[in-house]
Amino acid sequence: MAQFFMIHPETPQARLIREAAKIIRDGGVVVYPTDSCYALGCHLGDKKAMERLLAIRQIDLKHHLTLVCADLSSLATYARVDNAQFRQLKAATPGSFTFILEASREVPKRTLHPKRATIGLRVPEHAVALALLEELGEPILSCTLLLPGDEEALTDPYEIRERLEHLVDLVIDGGWCGTEPTTVIDMTDGVELIRRGKGDPARLGL
């Protein structure tokens with residue numbers, strides 16, 4: 001049975017953030033709020049937790065997972081980024097963007113796209129997500145909470161708890177997040193708009 005934390009979306013309670021981080025470190029799969037919509041997340045180094053996350057979404061690694069990072073310097077640790085890319089990323093972070101980048105050696109191979117050695121990375125603009133990332137001291141391996149058969153991501157924490165209470169370990173109620181996913185930008189060969197979402201591509205000159 002999943003735990004259910006109500007965490008203030010602007011001033012997150014430190015005690016609950018510490019408990020949520022512990023659940024992630026201990027191998028839990030959690031639902032947490034972001035600046036675009038709710039996400040599923042788990043510890044980057046936990047293979048079993050990643051497999052549970054993939055099973056809930058019914059996807060494989062041909063669907064890029066995302067490392068949600070606390071800041072741009074953290075993002076650059078997990079991706080191979082040149083100076084020009086770094087300037088472009090700086091213009092669009094934090095925000096509702098997911099960037100497809102070549103992964104660095106810091107990223108476990110089992111989390112990568114099987115043919116491209118790439119992964120999604122992003123820096124959210126949401127107090128709960130950022131507090132959780134700061135407490136963890138490392139990224140959260142994540143994907144959008146879009147369940148099989150649904151056309152939109154779930155956004156009501158009580159519906160999320162009802163549908164996932166036996167599949168995840170924690171649901172964080174961080175208020176309304178919306179249903180619009182991130183804008184996806186592939187930066188592995190130039191700058192290509194893959195999916196238009198909440199983030200404004202004009203921030204990257206697109």
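Tell me the relative contact order for the chain as a rounded percent, counting alpha carbon contacts under 8 Å between residues six or more apart.
34
Could you tell me the accessible area of D46 in Å² (1.4 Å probe, neighbours in place), rounded to the nearest ten?
Result for D46: roughly 40 Å² accessible.
Quick one: pull the percentage of alpha-carbon pairs in the stretch 75-190 with a separation above 26 Å.
Distances greater than 26 Å cover 27 percent of the Cα pairs.
So if I place +1 on the C-beta of Lys and Arg and -1 on the C-beta of Asp and Glu, and nothing else carries charge, what would the dipole magnitude of the stretch 1-135 be about its Cα centre? I want it in debye, nearest 20.
Values: 18 positive and 14 negative charges, 117 e Å.
The calculated dipole for the stretch 1-135 is roughly 560 debye.
Could you point to the residue in A92, V81, L112 farthest towards the positive end of the stretch 80-121's charge dipole, with +1 and -1 charges on the Cβ of Lys/Arg and Asp/Glu respectively?
L112
Using a 1.4 Å probe on the protein heavy atoms, what percent of the accessible area of the chain belongs to carbon and sulfur?
47
Compute the distribution of all C-alpha to C-alpha distances in the chain, in bins of 5 Å from 0, and list the percent of pairs in each, rounded to whole numbers.
1, 8, 17, 22, 22, 17, 9, 4, 1, 0
Are there any trypsin sites (Lys or Arg not before Pro) in the stretch 75-132 that are in a DSSP loop and have at most 13 other Cβ atoms within 10 Å? List them by number.
Hits after loop and neighbour filter: R105, K115.
Give the value in nm², to one decimal: projected area of the alpha carbon convex hull of the stretch 42-143, averaged over all directions. Mind showing how you got there, number by number?
Details: hull surface 24.5 nm².
For the Cα atoms of the stretch 42-143, the hull's average projected area reads 6.1 nm².
Hey, can you find the accessible area per residue of the chain for me, probe 1.4 Å, expressed in square angstrom?
Heavy-atom accessible area per residue stands at 47 Å².
Under the rule of -39500 (n - 2.57) per DSSP H run of 4 or more residues, summed and divided by the residues of the chain, what mean residue ellipticity at 222 nm is obtained, to the nearest 500 deg cm²/dmol?
My calculation for the chain gives -8000 deg cm²/dmol from helical runs alone.
Given the alpha-carbon gyration tensor of the stretch 71-125, what are the semi-axes of its equivalent ellipsoid in whole angstrom, ordered largest first, with each equal to the square root of 5 times an eigenvalue?
Details: eigenvalues 72, 27, 19 Å².
For the stretch 71-125, the semi-axes come out at 19, 12, 10 Å.
Compute a Gaussian network model of the chain, connecting alpha carbons closer than 10 Å, and tell me which residue from G95, G137, G120 fluctuates the most.
Of G95, G137, G120, the most mobile in the Gaussian network model is G137.
Could you work out the pair-distance distribution P(r) of the stretch 1-95 from its alpha-carbon pairs, with 10 angstrom bin width and percents rounded to whole numbers?
13, 39, 36, 12, 1
Under a GNM of the chain (C-alpha, springs under 10 Å), which listed residue has the highest mean-square fluctuation: A129, A103, A117?
Of the options given, A117 has the highest mean-square fluctuation.
The values are calculated or read from the model by the stated rules, or taken from the named source; none is laboratory data. These numbers were taken from a predicted model, which means no experiment stands behind them. Reconstructed Cβ throughout: ideal geometry from the backbone, glycine too, with neighbour counts over all protein chains shown. Accessible surface is based on the protein model in full, side chains and every heavy atom, while ligands, DNA and RNA are left aside. Shrake-Rupley method; radii C 1.70, N 1.55, O 1.52, S 1.80 Å.
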